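The values are calculated or read from the model by the stated rules, or taken from the named source; none is laboratory data. If you're wondering where the values come from, they're calculated on a predicted model, not measured in any experiment. Don't worry about glycine lacking a Cβ; one is built from the backbone with ideal geometry, like all the others, and counts go over all protein chains shown. Protein only, heavy atoms only, side chains kept; ligands, DNA and RNA dropped before computing areas. Shrake-Rupley method; radii C 1.70, N 1.55, O 1.52, S 1.80 Å.
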Amino acid sequence: MKAAFRKLAVFVALAGASLSARAEEVSVAVAANFSAPMQKIAVEFEKATGHKAQLVSGSTGKFYAQIKSGAPFQLLLAADDETPAKLVKEGDGVPGSQFTYAVGKLVLWSPTPGFVDDKGEVLKAGKFAHLALANPKLAPYGFAATETLKALGLADALQPRLVIGESITQAQQFVVSGNAELGFIAFSQIHKDGKLIDGSYWLVPAKHYTPIRQDAVVLAKGKGSAAVEALAGFLKSDKARAIIKSYGYEL
Amino acid sequence: MALTPDDWSAVWLTLKLASLVTLLLLIVGTPIAWWLARTRSRLRNVIGAVVALPIVLPPTVLGFYLLIVMGPQGPVGQLTESLGLGRLPFTFAGLVVASVFYSLPFVVQPIQNAFMAMGERPLEVAATLRASPWERFVHVALPLARPGFITAAVLGFAHTVGEFGVVLMIGGNIPGKTQVLSVQIYNHVEAIEYAQAHGLAAGLVAFSFVVLLALYTLGGARNTLGTGQ
């Protein structure tokens, strides 16, 4: 037992040494909706620069609270543009480092082929019990969904049928498990490896909602780090942009 | 720290849910506890382990399975739909069912311990006095197990009030129907509305403390919670 413990300690020490000997590691907080494309980008980033990006995926609101409490993140890829601006204003983000890395698109989606038509008429016909969306107070996509319902004049009529997930991930989960027939989620969520997944969807016209700008910002803990700067630059590269586009984002 | 109407609605809904669940749990839990305390069946350990599962499992596991089982493809979902009751997720009834599962061990175990602690003797004496099994249960076992019942009711109630993960998974956050206190606090924290989160969270801390203090002071917890003596 004791010997095993000693072996483990040696292993941990060696692992730590090999890490510090290698190139820098960047700690990145990534909005949940951008987690899949970011994993791909991180692989390309490591190939191109030798630096490693350590990704933590979660909700932007939670990241804000964690960053305020001293979380070790160096770069934030938020789901909105307000949180990065707020962090800069409050001194937790580096001034001038904020930029839009993707613009999200809203879809109305059902896993059932043919259920959602390409004009969103399914909402007016109302042949469903539950319509899932993300909490509009917490998630920009949820807010965009309520804007869309208002624009279509259906907000009041559909109110009793709305079920609210804490994030777009949960909204999608309600739909995938069949408990809600359809839901408003991010276009990126119905992409897998750059291809559309099964089901039917309506790509909500941009005129119905405020553009979902997803901004990145360098955080105070990443200030002056070459690797952080390299990653921020890499997000604007053609290679990264191609990956971002293949997941249904605009730029 | 002014609470919004939605906050008050969440408080009221939580109290309603916890009261109903506690009542149902006492009704469902008592026979289970009685059986577990007295049976010599080989199934005893199996049933005991099943009842205790929610203590060990993360609420997300329970919520995930409930979402699937109560969904349109799940057995419970198909049953409730064929009975014309509709589906359980996103409804108050669904939360009640989920909470009964989730809080079951917190009610069954204290009652079971109380039944076991009193032993065979009082019941045998009652039997020699020609008390029927039902009379022995109502007039001997129930009064003797009273501290266990108090602990069970308080823990069942408090545990349901504190429930979060399961509700988050199957509730759908609907004000007045499934938006309970813990979820509302989470919403406020996520939305960076810390003042409102404090209003509710501090209230919940105070409430929980008073409940536990009352429990320990009443002495009901003596045999079953391992504190006091």
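Hey, any hits in the stretch B:7-14 for a residue that's free of Cβ contacts under 8 Å to residues at least 24 places away in the same chain, assigned to a helix (DSSP H, G or I) and charged (D, E, K, R)?
Narrowing the stretch B:7-14 to residues free of Cβ contacts under 8 Å to residues at least 24 places away in the same chain: B:8, B:12.
Cutting the leftovers down to assigned to a helix (DSSP H, G or I) gives us B:8, B:12.
Restricting the remaining residues to those that are charged (D, E, K, R) gives none.
Within the stretch B:7-14 (the criterion being free of Cβ contacts under 8 Å to residues at least 24 places away in the same chain, assigned to a helix (DSSP H, G or I) and charged (D, E, K, R)), the answer is no, since none of the residues qualifies.
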A:VAL175 passes all but one of the listed conditions (1) β-branched (Val, Ile, Thr); (2) surrounded by fewer than 20 Cβ atoms within 10 Å (Cβ to Cβ); (3) more than 18 Å from the chain's Cα centre (by Cα); the exception is number (2)
message: Looking at the stretch A:114-127, can you tell me whether even one residue there is within 13 Å of chain B (Cβ to nearest Cβ), out of contact with any Leu (no Cβ under 8 Å at 6 or more places or on another chain), among the aliphatic types (A, V, I, L, M) and open to solvent by 10 Å² or more (accessible area, probe 1.4 Å)?
response: no
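Return yes or no: is A:ALA78 under 20 Å from B:VAL189 (Cβ atoms) and either of a type in the set (Val, Ile, Thr) or open to solvent by less than 30 Å² (accessible area, probe 1.4 Å) (or both)?
yes
Here's the yes/no breakdown for (1) among the hydrophobic types (A, V, I, L, M, F, W, C); (2) over 16 Å from B:ILE32 (Cα atoms); (3) surrounded by fewer than 22 Cβ atoms within 10 Å (Cβ to Cβ); (4) within 14 Å of chain A (Cβ to nearest Cβ):
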{"site": "B:ARG42", "(1), (2), (3), (4)": "no, no, yes, no"}
{"site": "B:GLY48", "(1), (2), (3), (4)": "no, no, yes, no"}
{"site": "B:VAL76", "(1), (2), (3), (4)": "yes, yes, yes, yes"}
{"site": "B:THR80", "(1), (2), (3), (4)": "no, yes, yes, yes"}
{"site": "B:PRO89", "(1), (2), (3), (4)": "no, yes, no, yes"}
{"site": "B:VAL100", "(1), (2), (3), (4)": "yes, no, yes, no"}
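Okay, residues lined up against (1) more than 20 Å from the chain's Cα centre (by Cα); (2) touching a residue at least 60 places away in the same chain (Cβ under 8 Å):
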{"site": "B:ALA153", "(1), (2)": "no, yes"}
{"site": "B:VAL161", "(1), (2)": "no, yes"}
{"site": "B:MET169", "(1), (2)": "no, yes"}
{"site": "B:LYS177", "(1), (2)": "no, yes"}
{"site": "B:VAL180", "(1), (2)": "no, yes"}
{"site": "B:GLU193", "(1), (2)": "yes, no"}
{"site": "B:GLN196", "(1), (2)": "yes, yes"}
{"site": "B:VAL205", "(1), (2)": "no, no"}
Out of (1) open to solvent by 10 Å² or more (accessible area, probe 1.4 Å); (2) touching a helix residue (DSSP H, G or I) at 6+ places or on another chain (Cβ under 7 Å); (3) within 13 Å of chain B (Cβ to nearest Cβ), the one A:LYS105 does not meet is (3)
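Okay, residues lined up against (1) more than 14 Å from every other protein chain (Cβ to nearest Cβ); (2) in contact with a helix residue (DSSP H, G or I) (Cβ under 7 Å, 6 or more places away or on another chain); (3) open to solvent by 10 Å² or more (accessible area, probe 1.4 Å); (4) of a type in the set (Asp, Glu):
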| residue | (1), (2), (3), (4) |
| --- | --- |
| A:ILE185 | yes, yes, no, no |
| A:LYS192 | yes, no, yes, no |
| A:ILE197 | yes, yes, yes, no |
| A:LYS207 | yes, no, yes, no |
| A:THR210 | yes, yes, yes, no |
| A:LYS221 | yes, no, yes, no |
| A:ALA230 | yes, yes, yes, no |
| A:LYS236 | yes, no, yes, no |
| A:ALA242 | yes, no, yes, no |
Taking the stretch B:182-202 and keeping only residues that are at the interface with chain A (Cβ under 8 Å from one of its Cβ atoms) and in a loop (DSSP other than H, G, I, E, B), one is left with B:ALA191, B:ILE192
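Residue-wise test of (1) at pLDDT 95 or above; (2) among the hydrophobic types (A, V, I, L, M, F, W, C); (3) within 14 Å of A:GLY222 (Cβ to Cβ).
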residue: A:ALA36; (1), (2), (3): no, yes, no
residue: A:GLN39; (1), (2), (3): no, no, no
residue: A:ALA42; (1), (2), (3): yes, yes, no
residue: A:SER59; (1), (2), (3): no, no, no
residue: A:ALA65; (1), (2), (3): no, yes, no
residue: A:VAL88; (1), (2), (3): yes, yes, yes
residue: A:PRO95; (1), (2), (3): yes, no, yes
Expected output for the stretch A:136-147 (first residue within 10 Å of chain B (Cβ to nearest Cβ) and touching a residue at least 12 places away in the same chain (Cβ under 8 Å), partner buried (at least 24 other Cβ atoms within 10 Å of the Cβ) and assigned to a loop (DSSP other than H, G, I, E, B), Cβ below 6 Å, 6+ apart or cross-chain) is A:ALA139/A:SER167
Filtering the stretch A:41-52 down to residues that are in contact (Cβ under 8 Å) with a residue 12 or more places away in the chain and either more than 14 Å from A:VAL28 (Cα to Cα) or outside the structural domain of A:ALA232 (by TED's automatic domain parsing) (or both) yields A:GLU44, A:ALA48, A:THR49, A:GLY50
Scanning for something under 27 Å from A:LEU196 (Cα atoms), more than 14 Å from chain B (Cβ to nearest Cβ) and part of a strand (DSSP E or B), does the stretch A:39-46 turn up at least one residue?
no
Taking the stretch A:147-163 and keeping only residues that are open to solvent by 30 Å² or more (accessible area, probe 1.4 Å) and within 22 Å of the chain's Cα centre (by Cα), one is left with A:GLU147
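What residue, among those in the stretch B:9-52 that are hydroxyl-bearing (Ser, Thr, Tyr) and over 17 Å from the mean Cα position of the chain (by Cα), is nearest to B:MET116 (Cα to Cα)?
B:THR39
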A:SER69 meets each of (1) open to solvent by less than 60 Å² (accessible area, probe 1.4 Å); (2) more than 18 Å from A:ALA186 (Cα to Cα) with one exception, condition (1)
Among the residues of the stretch B:131-181, the number that are crowded, with 21+ Cβ neighbours inside 10 Å, within 14 Å of chain A (Cβ to nearest Cβ) and in a helix (DSSP H, G or I) is 5
- [ ] Might you check whether a residue that is touching a residue at least 60 places away in the same chain (Cβ under 8 Å) and in contact with a Phe, Trp or Tyr (Cβ under 7 Å, 6 or more places away or on another chain) occurs anywhere in the stretch A:94-102?
- [x] yes
Of the residues in the stretch A:219-251, those that are among the β-branched types (Val, Ile, Thr) and under 18 Å from A:ALA32 (Cα atoms) come to A:ILE243, A:ILE244
Subset of the stretch A:53-66, residues of a type in the set (Ser, Thr, Tyr) and either buried (at least 20 other Cβ atoms within 10 Å of the Cβ) or not assigned by TED's automatic domain parsing to the domain that holds A:ALA227 (or both), comes to A:SER59, A:THR60, A:TYR64
